[in-house]
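For reference, the structure discussed in these notes is given below.
The values are calculated or read from the model by the stated rules, or taken from the named source; none is laboratory data. Small disclaimer: the values here were computed from a predicted structure and weren't measured. Cβ: placed from backbone, ideal geometry, glycine included. Neighbour counts: every protein chain shown. To get the accessible areas, we keep the full protein, side chains included, count just its heavy atoms, and leave off ligands, DNA and RNA. Shrake-Rupley method; radii C 1.70, N 1.55, O 1.52, S 1.80 Å.
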Amino acid sequence: MVYRMTSKSPIMRKSKANRAFAFESYGVLVKIESNHQELVDKAELVSKKALLGNLTSYDGVEFDHVFELPRDDSGVFHLIQNGEQISYGEDETIFFKFFDSILRVAIGEYATDRVFLHAGVVGWKGKAIVLPADSYQGKSTLVAELVKIGAEYYSDEFAILDQKGFVHPFPRRLNLRTEDYKTYDLSVEDLGGTYGKGPLPVGLILLTGYRPGEKWQPEILSSGNGLLKIIPFTLSIRYRPKFAMEVLHNVSRHAIIASSLRGSADKFAKTLLEFVDNNVI
């Protein structure tokens with residue numbers, strides 16, 4: 001659905017117009033507006049950082065997503081997406097952190113020439129290792145351990161696939177959690193690692209999660225069964241199902257898809273690279 005919108009919220013209507021920020025990213029058209037110019041300016045900076053600069057200015061009138069970020073008279077921030085309020089709060093830092101997340105998901109769901117998987121990705125000897133997983137499954141921790149021992153860093157959040165099924169870098173800072181679920185982030189430089197520099201064919205898709213003391217017992221899945229397991233991590237499957245399935249099919253025809261729980265990431269990382277050496281490379 002494409003939106004041709006003006007500000008509709010009561011907060012926006014009673015305030016003077018401000019310069020909006022409109023851009024295109026991965027084929028998705030986005031407009032951000034507010035009743036306070038400094039909030040538009042802050043959202044612009046957040047957007048550029050969230051998307052790693054993968055956006056260009058846009059001066060059209062039709063949009064896939066319109067975000068209104070008004071602040072009311074009591075100081076409460078409101079996040080309105082396509083006319084529907086989805087969040088509000090008084091803490092500006094938390095508000096924009098949530099906006100950052102919502103924006104990235106919106107781009108991933110509507111991207112026109114890429115398919116976004118919720119997954120960590122590293123490169124190893126010319127092939128990508130893709131690790132689809134939900135949050136709190138140790139995905140970022142495993143990516144960090146792989147980077148420490150020589151794998152190239154591509155992403156700890158999205159596997160961004162082109163039509164041929166090649167993975168492109170999306171090297172945001174790694175977002176990690178302590179044992180009591182407090183978050184912190186690290187750069188690849190902090191890990192002594194290196195960045196991936198170009199698209200890679202997928203060698204392995206590993207469906208895994210951390211369980212204390214678990215023994216690694218990989219099951220190699222068929223192309224069809226593996227594809228079904230990947231679909232839940234595919235952001236665009238609802239809005240661009242035909243294209244998403246075409247890309248996933250291209251990936252599943254050439255990559256090994258394996259499934260197994262695992263133990264701690266620091267011990268498992270070397271085992272995983274040895275598995276890739278023996279079965280993929």
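Here are the numbers:
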quantity	calculated
Principal semi-axes in Å for region 227-277 [√(5λ), Cα gyration tensor, largest first]	28, 13, 8
Which of Ile205, Ile86, Ile231 is most accessible, then next, and so on - probe 1.4 Å	Ile86, Ile231, Ile205
Count of Lys pairs (Cα-Cα under 21 Å; at least 8 positions apart or interchain) in region 32-179	11
Charge-dipole axis of the chain as Lys and Arg at +1 and Asp and Glu at -1 on Cβ define it, positive-most pick from Asn250, Phe233, Gly213	Asn250
5 angstrom amide H check on Thr194, placed H, neighbours 5+ away	Tyr153
Integer Hz, Karplus 6.51/-1.76/1.60 couplings in order for region 140-157, x for Gly and Pro	5, 5, 5, 4, 4, 5, 5, 5, 4, 9, x, 6, 7, 7, 10, 5, 10, 10
Using distinct alpha-carbon pairs, which all enter the 1/r mean, Kirkwood radius of the chain in Å	20.0
Estimated [θ] at 222 nm from DSSP helical runs (n ≥ 4, -39500 (n - 2.57)) normalised by residues in the chain, nearest 500	-9500 deg cm²/dmol
Rounded accessible area per residue of the chain, 1.4 Å, Å²	49
Lys pairs, region 167-281 - Cα-Cα below 30 angstrom, 8 or more residues apart or on other chains	14
